[in-house]
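The structure appears below as structure tokens.
All of the numbers you see were taken from the coordinates with simple rules; none came from a lab. The model shown is predicted, which means the values in this text are computed figures rather than measured ones. In this analysis, Cβ positions are derived from the backbone assuming ideal geometry, glycine residues included, and neighbour counts consider all displayed protein chains.
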Amino acid sequence: MVFLGHASIVHRDEENNYSTHDTGSWLSVAQDDHRQKAQPRLRSARNEFVVPEIIVLSIYDRLPRTDVKFTRHNVFIRDSHTCQYCDRIFDPRDLNLDHVIPRDKGGKTTWENVVASCIRCNSKKANKLPHEARMFPRTAPRAPRWRPFHSSVRHNSPRTSWRDFIEVSDGTVEISA
């Protein structure tokens with residue numbers, strides 16, 4: 001993207017001032033900066049190119065839409081590891097997935113019909129509709145609106161050079177309804 005002119009390289013000098021560079025100006029700046037000696041390099045037939053740590057896009061549309069994959073683990077995250085019937089927090093190994101409307105009564109295995117439940121509540125509700133069992137989920141099940149990228153940034157500590165540009169929360173990712 002840098003070579004095509006769709007992005008610029010961000011460089012921080014010794015006085016913590018930032019500047020942006022195209023490929024040509026980056027070649028000279030990176031060679032003059034003694035801090036860049038240990039940085040990884042790309043070599044071409046004519047040049048040696050210090051691999052930049054930070055680039056900025058010249059044109060930014062939006063993050064590509066990626067839906068959260070429906071998995072047991074992601075349902076537990078969405079429901080905060082909380083049984084949706086007794087409202088108690090459990091270890092993942094003590095939780096089950098419950099179909100609010102049972103599959104044999106037309107319920108689908110989707111974000112909108114599956115909740116986390118403890119083993120006791122799941123057994124108690126069994127194969128009944130919520131009104132038959134008099135057990136209703138604490139919150140209506142919905143597909144999460146967060147994106148997988150957010151949680152991967154949280155778990156992988158960013159490079160120190162990125163810290164001025166992204167903020168990574170030490171807490172958990174909040175899921176909006």
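Remarks
- Residues whose placed amide H lies under 5 Å from that of V2, excluding near-sequence neighbours: A7
- Gain upon complete extension [K124, A143; 0.36 nm per residue less C-alpha separation]: 4.3 nm
- The label point for T109 and the one for Q39, both projected 7 Å from the Cα toward the Cβ, are 4.9 nm apart.
- Residue-wise HN-Hα coupling along the stretch 90-103, computed from phi with Karplus coefficients 6.51, -1.76, 1.60 (Hz; x: Gly, Pro): 10, 5, x, 5, 9, 10, 10, 9, 10, 7, 4, 9, x, 4
- Three-way shape label, the stretch 7-57, alpha-carbon gyration tensor, a/c 1.5: oblate
- Peptide packing: for 133-146, 110-123, the average count of neighbouring Cβ atoms within 10 Å per residue gives the ranking 110-123, 133-146, highest mean first.
- Highest to lowest packing among 75-88, 43-56, 94-107, scored as the average C-beta count within 10 Å: 75-88, 94-107, 43-56
- Residues Y18, Y60 arranged by fewest to most Cβ contacts within 10 Å: Y60, Y18
- In Hz, Karplus ³J(HN,Hα) per residue of the stretch 42-53 (6.51, -1.76, 1.60; θ = phi - 60°; x = Gly, Pro): 10, 10, 10, 5, 10, 9, 10, 10, 6, 5, x, 8
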